[in-house]
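Chemist: Structure incoming, see below.
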Amino acid sequence: MINRIGNYTLEFTDKPIIAGFGSIVGKKESEGPLKEYFDKIEYDTRFGQESWEKAESMFQKEALYLALKRAGFELKECNCIFAGDLLNQCISSGYAMRDYGVPYLGQYGACSTMAQGMAMASVFVESGAAITAAALTSSHFCSAERQYRYPLEYGGQRAQTAQWTVTGSGCVILTSSKKAAGNNNASVSRVTIGKIIDMGIKDAANMGAAMAPAAADTIKCFFDDTNTRPEEYDAIFTGDLGLVGTKLLYELLERENIDITKIHKDCGLLIFDDKTQDTHSGGSGCGCSASVLCSYILKNMQAGKLRKILFVATGALMSPTASLQGESIPSIAHLVEIGI
């Protein structure tokens, strides 16, 4: 049963089970502090393909395979796949799924896509619209740079506020099937759907500043709706605010008398080593929070190191066309409460 709590939050009585999860990243991500947590590392950024976009589709296929394998499920048991990416018309996802014959619902929430997909999959599973559903997303440094900024051959200078798009993919399998019961799996208990927040930021090289207000708004809405406080959680993970966005998030929440500084971690800051990898403000991209969730976060939950967390993925809903027309960057953040 799905219950609405407050204005923005949905609570699940039966709590969809995270039966499996899988992550795959590229070479640069493997050089960061989370290497031991990823399920697979692909050192060829083209993944044997003729284009970056086709390579990104391969990353999604591999993440789905890894998640299904961990869950002990077959693809035919998946009633629906919620997948998306950063590219126009979500081509990495559409082309990845075209050979599978599984019902597909494309998602676009920019870097918030993993949380959006998990929220949608959870609603489907909890309502009985699906017994098993997958939430899947990806990003690729080379394909994103070509679409949103400049081709790599241009060699443009990166601003210090800029973030590095993660090459990677993550997938979770959500189910109500008794097949997954009794395995001490994590489950989704509540989700808060964010709303568009636009504070007038126009700098496409400073997505942290654009996204921080959306993250702050969604977190506050969740605490207001559920009458809970930060200290009730082991950790709050955002993705991906980076250095700039994280500082702004703390300032914005402080105005609301909410202090998350002791338990907050940002996926964009976790995946790279700021001192040795020169990623400026940190990591970003759909694949950033997705690959961190499907490795570091869920494996720590599986090991009992984390029992109850909030996963808040953030997205800058920008487009090159709108940016060139002088538009500001609207942003969104969705929240998923996960517990053991």
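Chemist: Mind checking which residues of segment 303-328 are over 30 Å from residue 230 (Cβ atoms) and loosely packed, with under 15 Cβ neighbours inside 10 Å?
Modeler: If the condition is that a residue be over 30 Å from residue 230 (Cβ atoms) and loosely packed, with under 15 Cβ neighbours inside 10 Å, then 320, 321, 324, 325, 326, 327 are the ones that fit.
Chemist: Scanning segment 324-340 for residues that are aliphatic (A, V, I, L, M) and assigned to a strand (DSSP E or B), which turns out farthest from residue 241 (Cα to Cα)?
Modeler: If we take residues in segment 324-340 being aliphatic (A, V, I, L, M) and assigned to a strand (DSSP E or B), then 338 is farthest from residue 241 (Cα to Cα).
Chemist: Just checking, which of 205, 210, 215, 235 is touching a helix residue (DSSP H, G or I) at 6+ places or on another chain (Cβ under 9 Å) and modelled with pLDDT under 95?
Modeler: Going through 205, 210, 215, 235 in turn, the sole match is 210.
Chemist: Here is a follow-up. Within segment 277-285, is even one residue out of contact with any His (no Cβ under 9 Å at 6 or more places or on another chain) and modelled with pLDDT of 95 or more?
Modeler: No - not one qualifying residue is present in segment 277-285.
Chemist: Now a separate question. Would you confirm whether or not segment 307-318 contains a residue that is at positive phi and out of contact with any Cys (no Cβ under 9 Å at 6 or more places or on another chain)?
Modeler: No; the residues of segment 307-318 include none that is at positive phi and out of contact with any Cys (no Cβ under 9 Å at 6 or more places or on another chain).
Chemist: With respect to the numbered conditions (1) assigned to a loop (DSSP other than H, G, I, E, B); (2) within 20 Å of the chain's Cα centre (by Cα); (3) among the hydrophobic types (A, V, I, L, M, F, W, C), which one is the sole condition not fulfilled by residue 24?
Modeler: Only one criterion is unmet by residue 24, namely (1).
Chemist: Restricting attention to helices (runs of 4 or more DSSP H) lying wholly within segment 46-140, give those where 2 or more residues are buried (at least 24 other Cβ atoms within 10 Å of the Cβ) and modelled with pLDDT under 95.
Modeler: none
Chemist: So, one more: I'd like to know if segment 251-273 contains one or more residues that are charged (D, E, K, R), under 20 Å from residue 168 (Cα atoms) and in contact (Cβ under 8 Å) with a residue 60 or more places away in the chain.
Modeler: yes
Chemist: Listed residues 106, 48, 72, 6; which is of a type outside the set (A, V, I, L, M, F, W, C), within 18 Å of the chain's Cα centre (by Cα) and not assigned by TED's automatic domain parsing to the domain that holds residue 191?
Modeler: Exactly one residue qualifies, and that residue is 106.
Chemist: Now, a different point. For residue 336, indicate whether it is under 16 Å from residue 110 (Cβ atoms) and at pLDDT 95 or above.
Modeler: no
Chemist: Within segment 287-302, is even one residue without any contact (Cβ under 8 Å) to a residue 40 or more places away in the chain and assigned by TED's automatic domain parsing to the domain that holds residue 245?
Modeler: yes
The values are calculated or read from the model by the stated rules, or taken from the named source; none is laboratory data. All values reported here derive from a predicted model rather than from experimental measurement. Note that each Cβ is placed from the backbone with ideal geometry, even for glycine, and that neighbours are counted across all protein chains shown.
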